[in-house]
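Quick notes on the structure that follows.
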Amino acid sequence: MAVLEIVRYPEKILKEKTKPIEDIDDSIQHLIDDMIDTMYVARGVGLAANQVGFLKQLCVIDISIQEEKRPLIVLINPHIVEKEGTVETEEGCLSIPGYMTTIKRAEKVLVKALNRKGNPVEIEGTGLLAKALQHEIDHLNGLLFIDRMSPLKREFFKRRYKKALAAVSSSK
Ligand code: NI
């Protein structure tokens with residue numbers, strides 16, 4: 001097991017669509033274990049494969065850091081099949097550290113995917129789990145939560161973030 005480096009915005013791979021996994025082989029099992037380690041070390045509630053440099057439809061989610069007794073979820077080739085309601089809550093991302101904002105999303109989702117054994121699973125999520133499922137599946141489709149903000153808000157974010165990045169690199 002290893003802790004992988006998390007790719008940060010504005011790296012291009014975060015804008016790319018990941019590809020379906022056809023064969024859940026040893027290298028995929030290995031990647032799953034590494035992603036779980038990486039998510040826990042970063043204290044995130046979810047991580048998508050393109051955030052660690054792999055264009056694969058794979059994500060891991062564990063919301064037990066905020067809601068006790070929730071299981072670790074590994075999703076291969078996930079897609080949302082049903083959405084219900086809307087809710088606006090605070091959101092952040094391991095690839096955009098230090099930035100949080102409110103994002104509008106579905107209140108409840110039903111996701112179909114494969115688990116790491118290759119068996120089909122259906123996951124229904126509300127609250128934080130619904131948010132995490134939508135956030136991670138967005139990643140796999142090359143979307144970041146900032147892509148869900150209004151264009152005006154996004155422009156403000158980009159300017160602020162560029163300045164912050166410039167400040168960090170000039171202090172090195
Ligand atoms: Ni994220």
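Here is how the numbers come out for the structure above:
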item: Residue check for residue 7: within 17 Å of residue 96 (Cβ to Cβ), out of contact with any Lys or Arg (no Cβ under 9 Å at 6 or more places or on another chain), without any contact (Cβ under 8 Å) to a residue 60 or more places away in the chain and within 13 Å of the ligand (Cβ to nearest atom); result: no
item: Residue, nearest to residue 137 (Cα to Cα), within the stretch 83-101, restricted to residues that are among the hydroxyl-bearing types (Ser, Thr, Tyr) and surrounded by 12 or more Cβ atoms within 10 Å (Cβ to Cβ); result: 95
item: Residue within the stretch 74-86 that is more than 20 Å from residue 13 (Cα to Cα), within 17 Å of the chain's Cα centre (by Cα) and not in a helix (DSSP H, G or I) present; result: yes
item: Set 162, 117: member being loosely packed, with under 13 Cβ neighbours inside 10 Å and part of a loop (DSSP other than H, G, I, E, B); result: 117
item: Options 128, 94; residue that is in contact (Cβ under 8 Å) with a residue 12 or more places away in the chain, part of a loop (DSSP other than H, G, I, E, B) and either under 17 Å from the mean Cα position of the chain (by Cα) or within 14 Å of the ligand (Cβ to nearest atom) (or both); result: 94
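A short reminder: the numbers here are calculations on the coordinates, not readings from a lab. Here the structure is a predicted model, which means the values were calculated and not measured. Cβ sites come from the backbone with ideal geometry, for glycine too, and all protein chains shown count toward neighbours.
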